[in-house]
Amino acid sequence: MSQFSARPFSERTALWLQQSGLHPLLARLFAARGVDSPEDLPLDLKRLLSPTELKNCISTAALLADIFEKNEPILVVADYDCDGATACAVALRGLKMLGGPEIPVQFLVPNRFTMGYGLTPEVVELAAQQIPKPRYLITVDNGIASVAGVDRARELGMEVIVTDHHLPGDTLPKASALVNPNQPGCSFPSKALAGVGVIFYLLVALRAELRKRGKFTSENQPKIENLLDLVALGTVADVAQLDRNNRILVANGLKRIRAGISQAGMQALFQVANRDPRKANTFDLGFAVGPRLNAAGRLADMTLGIRLLLSDTQEEAYELAHELDRINRERRVIETGMQETALAHLQEDQIAGSIEGRNSICLWHSEWHQGVVGIVASRLKERFNRPAIVFAPADGATGEELRGSGRSITGFHLRDALDIVSKREPGLILKFGGHAMAAGLSIRQADFEKFDTLFQAVSKELLNDELLERKHIHDGTLSAADFTPEIGDLLAEEIWGQGFPQPIFYGEFEIGQQSLMKEKHLRLQLRPVGNGALDSKPLTGVWFNRTQTLPAKAKLAYRIATDRYQGQARVQLMIEAHDEDIA
């Protein structure tokens, strides 16, 4: 079952926003997304929430300033996804900007296939072997659940500063400092900071502390804001909720990319992705640049991606970016094969034919790749509108261990659901972590059926028919006068993403010529019906991954974009849904 409904908004608020000078269409869209007054519109940096509101941020900055004075070795321990890689690059670049180029700071990123996620005791053992041996470990985008790892670090004479954004477990690690907006007792208004956002805030606080100690003045202090292109990439790629604070971070990062003053690695990633940085938007970050950086952690070693983000020469950056692009193409091939196998398995089990009978999907295969399970889980979640967890054999693990990655739907908190399973059957889940929409876990291969049964039971309890209905929410209709390249460009310049969704419109169209592109994408000619559409010119529409043709007249949900070819700009409608498909 599916629902198809218009996103509600206050016409009074929309008028108020419009009277402040905002384009009428944007006024309507922003009002529908919770922008209540013209004061909420500006996204300049001075409107960022203060680091003083982030628990332990100021005291941790003072600790870092003390470490600088003692010139003690630091090791940044990163995560192997895009958020972790950008957070690591921001940490290293920022610490060297503030402490000086000679500050003894290195980085370490665990191999996801042999060491797993976070600051594990095994990672700590490796950290202790670095030369020079670090006195302090700083985690970025991980660490909140690393109780055993922090204990082991202290045993080996190292202190740990945890910077993270994930939800904590029942026990916090005994770290020297812990900065996380989601830790108990933190009143920071934005709980949606990505890992890269947390370390950026700590650097801002550190700059203020060093300024207070007389190392800088407000006139000659390092420009930490130069790192905002990396903050924007990590925030969008991690699908962080784009509340106003995150939108400020992303907007200012995109501003730097568009102005051509981003990091060399960012410029190289845009080049290999064949995207124009002058028109950079959140779609580019989330679907073109981010996946290429993520590919290193999925199939190889995220050290490659971090090296790219730390590169200061165009030649080296382009060389590394091309290697990431090659790895990403390999990832796509693996993902396609895994997805086809998964769908065939579902059909064999008669799950796909009666998907309403299950509230969740759990799958594993002996030949699946551990680095791609999260993407396949996301694809299954999108296709069936069910929480999905996909497992693969764990490389280097003993006891036939499976490592899985899950993706969830709105209304089903995945980490909490795994916590329920873990408490009902202690020892079934070897370890797990994550948040509402995504999580990772490990189980024994022999326990897969038991886990599937228990997870299905929990999903039955927590999900009702309303939550399982596929919801297509649109932003109303457009008039014929709105189908212009200028409107497409206007929308592309704004900050859309998780929690501040990209606009989808709805309307009736006469369908003209229909054809297939690359045998899997539907291309069609459209003419809008109503809303001043008389004698309007035909529009081009594209429906990706659909081969079934449409009737002569149809009601469609679509995004509007501007397509440029050989110097000509034209409107293109990106079709999302057809009312008969969801009836």
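Here are some notes:
- Only one of L75, L17 that is within 30 Å of T120 (Cα to Cα), in contact with a helix residue (DSSP H, G or I) (Cβ under 7 Å, 6 or more places away or on another chain) and surrounded by 15 or more Cβ atoms within 10 Å (Cβ to Cβ): L75
- Close Cβ contacts (under 8 Å, 6 or more residues apart or on different chains) running from residues in the range 307-332 that are closer than 25 Å to G94 by Cβ to residues that are surrounded by fewer than 20 Cβ atoms within 10 Å (Cβ to Cβ) and polar (S, T, N, Q) comprise Q314/Q267; A317/Q267; Y318/Q271; A321/Q271.
Yes or no, residue by residue, for (1) under 30 Å from V239 (Cα atoms); (2) of a type outside the set (D, E, K, R); (3) modelled with pLDDT under 90; (4) out of contact with any Gly (no Cβ under 8 Å at 6 or more places or on another chain):
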| position | (1), (2), (3), (4) |
| --- | --- |
| E508 | no, no, no, no |
| S515 | no, yes, no, yes |
| G532 | no, yes, yes, yes |
| Q568 | no, yes, yes, yes |
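- Subset of the range 6-44 (residues that are under 26 Å from the mean Cα position of the chain (by Cα), over 22 Å from A557 (Cβ atoms) and of a type in the set (A, V, I, L, M)): V35, L41, L43
- Selection within the range 2-51 - in contact (Cβ under 8 Å) with a residue 60 or more places away in the chain and of a type in the set (A, V, I, L, M, F, W, C): F4, A6, L25, L26, L29, A32, L43, L45, L48, L49
- Checking P503 against (1) assigned to a strand (DSSP E or B); (2) within 27 Å of D276 (Cα to Cα), the condition it does not meet: (1)
- Scanning the range 288-326 for residues that are at pLDDT 95 or above, among the hydrophobic types (A, V, I, L, M, F, W, C) and under 17 Å from A273 (Cβ atoms) yields A288, V289, L293, L304, L308, L309, A317, L320, A321, L324.
- Out of D238, D284, sole residue that is modelled with pLDDT under 95, under 30 Å from D36 (Cβ atoms) and surrounded by 19 or more Cβ atoms within 10 Å (Cβ to Cβ): D238
- Being modelled with pLDDT of 90 or more, touching a helix residue (DSSP H, G or I) at 6+ places or on another chain (Cβ under 9 Å) and exposed (fewer than 15 other Cβ atoms within 10 Å of the Cβ) is a property that holds for P551.
- Residue within the range 275-287 that is over 25 Å from Y201 (Cα atoms), out of contact with any helix residue (DSSP H, G or I) (no Cβ under 8 Å at 6 or more places or on another chain) and part of a helix (DSSP H, G or I) present: yes
- Restricted to strands (runs of 3 or more DSSP E) entirely inside the range 361-446, those with at least 2 residues that are free of Cβ contacts under 8 Å to residues at least 40 places away in the same chain are 361-364, 388-393, 401-407, 429-434.
- Scanning the range 433-461 for residues that are touching a Pro at 6+ places or on another chain (Cβ under 9 Å) and of a type in the set (S, T, Y) yields a single hit, S459.
- Flag if S459 is out of contact with any helix residue (DSSP H, G or I) (no Cβ under 8 Å at 6 or more places or on another chain), at pLDDT 95 or above and surrounded by 14 or more Cβ atoms within 10 Å (Cβ to Cβ): no
- Scan of the range 534-548 for residues that are within 24 Å of P501 (Cα to Cα) and either modelled with pLDDT under 90 or in a loop (DSSP other than H, G, I, E, B) (or both), ordered by number: F544, N545, R546
- Enumeration of residues in the range 440-458 that are within 24 Å of the chain's Cα centre (by Cα) and among the small types (G, A, S): G440, S442
- Qualifying residue in the range 385-396 (condition: of a type in the set (K, R) and either out of contact with any Lys or Arg (no Cβ under 9 Å at 6 or more places or on another chain) or in the same structural domain as I144 (by TED's automatic domain parsing) (or both)): no
Every residue, every condition in (1) in the same structural domain as A436 (by TED's automatic domain parsing); (2) of a type in the set (S, T, Y); (3) in contact (Cβ under 8 Å) with a residue 12 or more places away in the chain; (4) surrounded by 15 or more Cβ atoms within 10 Å (Cβ to Cβ), yes or no:
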residue	(1), (2), (3), (4)
L463	yes, no, yes, yes
E466	yes, no, no, no
L478	no, no, yes, yes
D482	no, no, yes, yes
I487	no, no, yes, yes
L490	no, no, yes, yes
E494	no, no, yes, yes
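- Scanning the range 188-216 for residues that are within 23 Å of G234 (Cα to Cα) and assigned to a loop (DSSP other than H, G, I, E, B) turns up F188, P189, S190, K191, A192, L193, A194.
The values are calculated or read from the model by the stated rules, or taken from the named source; none is laboratory data. Bear in mind that the values here come from a model prediction, so they are computed numbers and not experimental data. We place every Cβ from the backbone using ideal geometry, glycine too, and count neighbours over all the protein chains shown.
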